[in-house]
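Since every read-out is calculated from the coordinates, none of them should be taken as a lab result. Not measured: the values here are computed from a predicted model. As a convention, Cβ positions derive from the backbone with ideal geometry for all residues, glycine included, and neighbour counts pool all protein chains shown.
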Amino acid sequence: MKKYIIAIIRILANPTNKNKRLLYLFRGILHFVKRIKGDYYVTLDNGITCKVYADNPQSSELLIFNFQSEEHKFLHDVIKKDNISFLDIGANVGSFTVKYLHYVGQGNRAVLFEPNPFLTDRLNQLNGKHNVQVFPFALGRENRTMFLESESETSPCAKLVEKQTDIRVAVKTLDEMVEFLPAHVYFIKIDMEGYEYDVLVGGKEYIRRANPHLILFEYSDLAQSNGVSIQDFHILFNEMGYKVFAVADSELVPPEQKRKISDLLAIRDGFQNRPDQNQCLNH
């Protein structure tokens, strides 16, 4: 109950939802009634039908209430074409992926990476329906074995740790997966609870080949506790031909100018899909 109330407050306070607060409050009440009975299905605005898991607040926040960061919304708004492929690294139950599946056409794929065995079983329900491919392991800067620490089997905040737990996780690099991945992807999303930088280091060659227009990645206290700064991301992305931005009031801004950051966007040099991008991208 406490987590649910906190989720509702976050959704109503989110500036990207400022014109729909009453709608989301109504949905919140309706969702609460339904979730008492367990999992249920919803049909999104894009026509995709998916399951909302009562034990996973992330799925309800994103699917029912459209809770998203400003950077997430920017990514969604700049996609202007169908028949794309993309990667979702740290897919959880797939709540992010399903909002973009209608862009995946024949011959393209949504490729998901999720090491939590309790969640990959759920993701596999998408296999064969929407050109989805699921890999049940984590990505990092090198091949190794780590462990998963989680407050519950389906927690969206499960994280990789060195110390041994009940869940052993194989970690591979994105670069070694090249032959199994799309030759080109429109975007990549990375949410690895503090290991986003490691994923990028282990995937530099694939990123250069696949040439994604945008990379949406989480930047949290966990990354900082791992010794990774925003400047580290600036340097790494600059080597690959990208610039790093935050989004504030629908505008691209340097991350250092945004007071509170949860996600950041790396945008490939030369990519422009909105007329108002000119000034910031060329700065």
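Numbers below:
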{"quantity": "For the stretch 102-255, the spread of Cα positions along each principal axis, largest first, Å", "calculated": "42, 40, 33"}
{"quantity": "Size of charge dipole - the stretch 68-281 - debye, nearest 20, with Cβ of Lys, Arg +1 and Asp, Glu -1, no other charges", "calculated": "560"}
{"quantity": "Net +/- balance of residues flanking Ile230 in space, Cβ distance below 14 Å, scoring K and R +1, D and E -1", "calculated": "-3"}
{"quantity": "Sorted largest first, extent of the stretch 110-184 alpha carbons per principal axis (Å)", "calculated": "36, 27, 15"}
{"quantity": "Charge dipole (the stretch 68-281, unit charges on Cβ, about Cα centre) - positive-most of Gly194, Tyr103, Phe74", "calculated": "Tyr103"}
{"quantity": "Farthest positive-ward along the stretch 68-281 dipole, Cα basis, beta-carbon charges - from Met177, Asn83, Gln133", "calculated": "Asn83"}
{"quantity": "Net charge, Lys258 excluded, C-beta distance under 12 Å - Lys, Arg +1, Asp, Glu -1", "calculated": "-4"}
{"quantity": "Alpha carbon centroid spacing (whole Å) that separates the stretch 199-214 from the stretch 83-148", "calculated": "17"}
{"quantity": "Global form of the stretch 62-179, assessed from the alpha-carbon gyration tensor, a/c cut-off 1.5", "calculated": "prolate"}
{"quantity": "Where the Cα pairs of the stretch 169-283 fall when distances are cut into 10 Å bins, in %", "calculated": "13, 46, 32, 8, 0"}
{"quantity": "For peptides 172-178, 195-201, 224-230, 263-269, sequence by mean Cβ density within 10 Å, most packed first", "calculated": "195-201, 263-269, 172-178, 224-230"}
